[in-house]
1. Output the residues belonging to the stretch 262-271 that are in a helix (DSSP H, G or I) and under 21 Å from T161 (Cα atoms).
2. If you check F274 against the conditions, is it surrounded by 18 or more Cβ atoms within 10 Å (Cβ to Cβ), part of a loop (DSSP other than H, G, I, E, B) and of a type in the set (A, V, I, L, M, F, W, C)?
3. I'd like to check which strands (runs of 3 or more DSSP E) are fully inside the stretch 66-140 and have at least 3 residues that are closer than 21 Å to G56 by Cα, within 17 Å of the chain's Cα centre (by Cα) and small (G, A, S).
4. Here are some conditions: (1) surrounded by 13 or more Cβ atoms within 10 Å (Cβ to Cβ); (2) in a helix (DSSP H, G or I); (3) hydrophobic (A, V, I, L, M, F, W, C); (4) modelled with pLDDT of 95 or more. A229 meets all but one. Which one does it not meet?
5. Just one of E214, E207 is among the acidic types (D, E), in a loop (DSSP other than H, G, I, E, B) and either surrounded by fewer than 19 Cβ atoms within 10 Å (Cβ to Cβ) or free of Cβ contacts under 8 Å to residues at least 12 places away in the same chain (or both); which is it?
6. Given the condition under 18 Å from the mean Cα position of the chain (by Cα) and among the polar types (S, T, N, Q), answer yes or no: does some residue in the stretch 153-173 qualify?
7. Could you count how many residues in the stretch 234-261 are in a helix (DSSP H, G or I) and either of a type in the set (D, E, K, R) or without any contact (Cβ under 8 Å) to a residue 12 or more places away in the chain (or both)?
8. Considering only residues that are out of contact with any strand residue (DSSP E or B) (no Cβ under 6 Å at 6 or more places or on another chain) and in a helix (DSSP H, G or I), which ones fall in the stretch 172-186?
Amino acid sequence: MNRKSKWIIYGIGLSILLGGCMNMDNANGNGVDETKSTQAEVKDQYARVQDYKGEGYTLKNGKENDKIAEEHREEVEKAVKDFFLEKYSTEVKVHNIVGNVDGATVFVESTGPLSFYTYAIVPINSSDQTIQSDEVWSQEGQVESAITDGLYKKLFDNEFTQLDSYMEKVVTEGEVVGRTKESLENIAGEGYMTPYYFISTSPIKDEAIKPVYELYIKNPDANIEQLQATFKKEAFDPKNLRISIMLFMKEEGIEPSKKVFNQIINSIEDANDFPRGAYSIFVNDNRIHKDSFEGVKDNSLERAYPDEIIKE
């Protein structure tokens, strides 16, 4: 799995608009130090992870549609809520709307019985600035995977509770932090997520969870006993439940801690009460890219595909 695949919303025919234009004063012969200007611009593209709540996140050529979507926010929200209820039997609440070249990307969170974040696209007719409410769509497999994330969390709730407790303990020790809940709500849109980790799954490839997904779509009120009875335990492959731990150094200007990184690896390998699955671990410095939500950088410490920790 590409290490950046969960932090940049892509695959929806949209590109991330990164940064501003480079300062060309020196090239024009006015004597300004272009290198210093460029370094300042690069620095301004990042924020302390503790401060970042999704501000600055943009999609290419989306400025105009962003304005239109905000002017018609009530209509956009209704179109998205209807889309999720009709197609996925799921009620959602809207956290954020970001304009894109063809419309608006709407970031939502399920309101139960499952927990997950995802997004949908609402097309906008640029010629007359109308919201095309009947043409809402999502990337193929995107929402399905988000629902499957939520189902695995529900099926393995006790195990994930143990993982949550461990992650809280790691953060309480003071060297590292996670991302803000607001940033997850406003721009993540990628299934089941906590400030410290996220899940990656697919009902298309995973025969164990597929019947559970089908039951949920038919009957979203199915209780845990019904969901568990449908789950094909014998077909479960831990590589199909990918759990990625994503942490940041608490202090600015500090390199990622090898001590914390190795501590987490050892704990994951030794634990008997965590969810079965394929674990990736990332420890980054304190910075997160404001435009793209990317935290993994050249100095990050990582253990990921094809060297994940597989817990059978």
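The values are calculated or read from the model by the stated rules, or taken from the named source; none is laboratory data. Note that the structure is predicted; figures quoted are calculated from it, not measured. Don't worry about glycine lacking a Cβ; one is built from the backbone with ideal geometry, like all the others, and counts go over all protein chains shown.
1. Of the stretch 262-271, the ones in a helix (DSSP H, G or I) are 262-270.
Once the filter is applied, which keeps residues that are in a helix (DSSP H, G or I) and under 21 Å from T161 (Cα atoms), the stretch 262-271 yields Q263, I264, I265, N266, S267, I268, E269, D270.
2. Details: surrounded by 18 or more Cβ atoms within 10 Å (Cβ to Cβ): yes; part of a loop (DSSP other than H, G, I, E, B): yes; of a type in the set (A, V, I, L, M, F, W, C): yes.
Yes.
3. none
4. (1)
5. Result of the check over E214, E207: E207.
6. The answer is no; no qualifying residue exists.
7. Going residue by residue through the stretch 234-261, those that are in a helix (DSSP H, G or I) are 234-235, 238-240, 258-261.
Retained after the next criterion (residues that are either of a type in the set (D, E, K, R) or without any contact (Cβ under 8 Å) to a residue 12 or more places away in the chain (or both)): 234, 239, 258-259.
Residues that pass the stated criteria total 4.
8. The answer is T172, K181, E182, S183.
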